[in-house]
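A.B. asks: Sharing a structure below in structure tokens format, with a few things to ask.
The values are calculated or read from the model by the stated rules, or taken from the named source; none is laboratory data. Note that the structure is a prediction, hence the values are computed from the model and not measured. Backbone-built Cβ (ideal geometry, glycine too); neighbour counts: all protein chains shown.
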Amino acid sequence: MKILKEIDRQTFKDRFTDKSSCYVFLSELKWKDGYNCKRCDSTNYIKGKQPSSRRCRSCGYDESTTSGTLFHKLKFGIDKAFEMLYEIVTSKKGANSIWLAEHFSVNQKTAWLFRQKVQIAMKSSEQYPLENEVHVDEFEIGTPQKGEPGRSKSDKKV
């Protein structure tokens, strides 16, 4: 997601003009450290059936560019998914599913499900804990308490 936050909207539109450019970008990112077959662990491949996919020379397994990514089993085009992803990642409050559905002409439930995938992917892996001096605006100790929603007052909270 960091990649998308670093470019402005026009640069994004110029770079991802069609489905092909999206598949090429995704395949470069997915196999940047080289190809390894998921079935037999071979590193030799040929062009697969789908755009930018790879087929293992040893066992014939055809691995899609989108398998194992946010874009697996999409109900709409990958170019539209890239645009939706850009909107979700770059908007300050996050794009809600109703707006995404209207703006990209997809079903609201489909937009919601894709947004959920993106949010899960963006969740912190906790591999990079905060270091050195950290300035905090406010925080609570002792939350959450059963039966007390959110930021409710409690004697146990400090």
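A.B. asks: Modelled with pLDDT under 90, among the hydrophobic types (A, V, I, L, M, F, W, C), more than 21 Å from Val106 (Cα to Cα) and within 13 Å of the chain's Cα centre (by Cα) - does that describe any residue in the range 20-28? Talk me through it step by step, then tell me what you get.
C.D. replies: Quick first cut of the range 20-28, residues modelled with pLDDT under 90 only: none.
No - not one qualifying residue is present in the range 20-28.
A.B. asks: Applying the selection to the range 39-58, what residues are closer than 18 Å to His72 by Cβ and either hydroxyl-bearing (Ser, Thr, Tyr) or surrounded by 13 or more Cβ atoms within 10 Å (Cβ to Cβ) (or both)?
C.D. replies: Within the range 39-58, the subset closer than 18 Å to His72 by Cβ is 39, 48-55.
Gly48, Gln50, Pro51, Ser52, Ser53, Arg54, Arg55 - these are the residues of the range 39-58 that are closer than 18 Å to His72 by Cβ and either hydroxyl-bearing (Ser, Thr, Tyr) or surrounded by 13 or more Cβ atoms within 10 Å (Cβ to Cβ) (or both).
A.B. asks: Could you list, in sequence order, the residues of the range 93-131 that are of a type in the set (Gly, Ala, Ser) and touching a residue at least 40 places away in the same chain (Cβ under 8 Å)? Walk me through how you get there before you give the answer.
C.D. replies: The initial filter retains those residues of the range 93-131 that are of a type in the set (Gly, Ala, Ser), namely 94-95, 97, 101, 105, 111, 121, 124-125.
The one that is of a type in the set (Gly, Ala, Ser) and touching a residue at least 40 places away in the same chain (Cβ under 8 Å): Ala121.
A.B. asks: Here's another thing I want to ask about it. If you scan the range 98-126, which residues turn out to be farther than 19 Å from His72 by Cβ and either surrounded by 17 or more Cβ atoms within 10 Å (Cβ to Cβ) or of a type in the set (Asp, Glu) (or both)?
C.D. replies: Taking the range 98-126 and keeping what is farther than 19 Å from His72 by Cβ, we get 98-99, 101-103, 105, 108, 124-126.
Matches in the range 98-126: Ala101, Glu102, Glu126.
A.B. asks: Now for a separate question. In the set Thr66, Thr90, which member is closer than 17 Å to Lys117 by Cα, among the hydroxyl-bearing types (Ser, Thr, Tyr), surrounded by 16 or more Cβ atoms within 10 Å (Cβ to Cβ) and touching a residue at least 60 places away in the same chain (Cβ under 8 Å)? Explain how you work it out, then say what you get.
C.D. replies: On the way: Thr66 fails: touching a residue at least 60 places away in the same chain (Cβ under 8 Å).
After ruling out the rest, the residue left standing is Thr90.
A.B. asks: Of the numbered conditions (1) at pLDDT 90 or above; (2) among the polar types (S, T, N, Q); (3) farther than 17 Å from Lys117 by Cα; (4) part of a loop (DSSP other than H, G, I, E, B), Gln50 satisfies every one except a single condition; which is it?
C.D. replies: For Gln50, the exception is condition (1).
A.B. asks: Hey, Ala95 hits all of (1) in a loop (DSSP other than H, G, I, E, B); (2) at pLDDT below 90; (3) loosely packed, with under 15 Cβ neighbours inside 10 Å but one; which does it fall short on?
C.D. replies: (3)
A.B. asks: Looking at the range 18-47, which of its residues are in contact (Cβ under 8 Å) with a residue 40 or more places away in the chain and part of a loop (DSSP other than H, G, I, E, B)?
C.D. replies: Asp18 - this is the single residue of the range 18-47 that is in contact (Cβ under 8 Å) with a residue 40 or more places away in the chain and part of a loop (DSSP other than H, G, I, E, B).
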